[in-house]
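Student: Quick one: this structure, given as structure tokens, is what I'll be asking you about.
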Amino acid sequence: GAAAGMAGNIGIGFAIPVDTVRRVVNQIIRYGRVVKPTLGITIADDKVARSIESQLGRKLDGVLVVDVLPRSPALEAGLRASSLRGDGTIILGDLITHVDGQPVREAEDLLSAVEEKKSGDVVSVRVLRGSDLSRPEVLRATLVSRNSMRASSASSSPSAGIPSNSVGRWGRSNNMGRPPSIWDN
């Protein structure tokens, strides 16, 4: 206890973004636990997206889809991933700009829009095909839980599981474009 000099503040603190706290608290209140609905995509890390913007010479107002998982809501809705040509140049995939009318400018916006929903909810996803401003399209996707995506992937193929913390050519991802956190199930 305090007599042994073991109590009190030792000067270590942890910062959790307020958007994350709000999302998690709302889920605990609503469902009694943290739930993680997903589209089943990997998006470019915000830093990677900024690098691509500088190479393109234009802003990417949204989040860039870099992978669409097998048997995912995103695949069923028709989202298209980015890819690399043999010479290393990027063929841009869909750029998500809105979910249910909410603007999506960076990874956190997408996380907030999706994670406030529940498994089974249908969302409207506005994309720019090939990240091209002249090719907007609205797709509809039925969200599933991350746990059901993991189970579906694992039961059909041991190598098709959802990465929990992969670092690939696009940056970190846990299928929603961010590093894992204490809130992941």
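Student: Name, by its number, the condition in (1) closer than 22 Å to Ser148 by Cα; (2) at pLDDT below 90 that does not hold for Val68.
Tutor: It fails just one condition, (2).
Student: Residue by residue through region 1-49, note down the ones that are closer than 30 Å to Gly130 by Cβ and at pLDDT below 80.
Tutor: Selection gives Asp19 alone.
Student: Considering only residues that are among the aliphatic types (A, V, I, L, M) and assigned to a loop (DSSP other than H, G, I, E, B), look in region 57-84 and name the one that is surrounded by the fewest Cβ atoms within 10 Å (Cβ to Cβ). Spell out the reasoning first.
Tutor: Restricting attention to region 57-84, the residues satisfying the condition of being among the aliphatic types (A, V, I, L, M) are 60, 63-66, 68-69, 74-75, 77, 79, 81, 84.
Adding the requirement that they be assigned to a loop (DSSP other than H, G, I, E, B) leaves 60, 69, 79, 81.
Values: Leu60: 18, Leu69: 22, Leu79: 24, Ala81: 20.
The extreme case among them is Leu60.
Student: I would also like to ask the following. Given the residues Ser119, Ser131, Ser112, which is the only one that is modelled with pLDDT of 90 or more and among the polar types (S, T, N, Q)? Step through it out loud before you land on a result.
Tutor: Working: Ser119 fails: modelled with pLDDT of 90 or more; Ser112 fails: modelled with pLDDT of 90 or more.
One residue alone meets the criteria, Ser131.
Student: Right, another one. Would it be correct to say that Arg178 is modelled with pLDDT of 60 or more and of a type in the set (D, E, K, R)? First the steps, then the outcome.
Tutor: Values: modelled with pLDDT of 60 or more: no; of a type in the set (D, E, K, R): yes.
No, not satisfied.
Student: Let me ask something else. Inspect all residues belonging to region 106-124 and state whether any of them is of a type outside the set (Val, Ile, Thr), closer than 17 Å to Ala49 by Cβ and more than 13 Å from the chain's Cα centre (by Cα).
Tutor: No, region 106-124 contains no residue that is of a type outside the set (Val, Ile, Thr), closer than 17 Å to Ala49 by Cβ and more than 13 Å from the chain's Cα centre (by Cα).
Student: Right, next: Restricting to region 85-132, name every residue that is open to solvent by less than 30 Å² (accessible area, probe 1.4 Å), among the polar types (S, T, N, Q) and either outside any strand (DSSP E or B) or under 16 Å from Thr42 (Cβ atoms) (or both).
Tutor: The answer is Ser112, Ser131.
Student: Give region 68-91 a look and list any residue that's touching a residue at least 40 places away in the same chain (Cβ under 8 Å) and not hydroxyl-bearing (Ser, Thr, Tyr), or say none.
Tutor: Matches in region 68-91: Leu69, Pro70, Arg71, Pro73, Ala74, Glu76, Ala77, Gly78, Leu79, Arg80, Ala81, Leu84.
The values are calculated or read from the model by the stated rules, or taken from the named source; none is laboratory data. Quantities reported herein were computed from a predicted structural model and do not represent experimental measurements. Don't worry about glycine lacking a Cβ; one is built from the backbone with ideal geometry, like all the others, and counts go over all protein chains shown. Please note that ligands, DNA and RNA were not included when accessible areas were found on the heavy atoms of the full protein model with its side chains. Shrake-Rupley method; radii C 1.70, N 1.55, O 1.52, S 1.80 Å.
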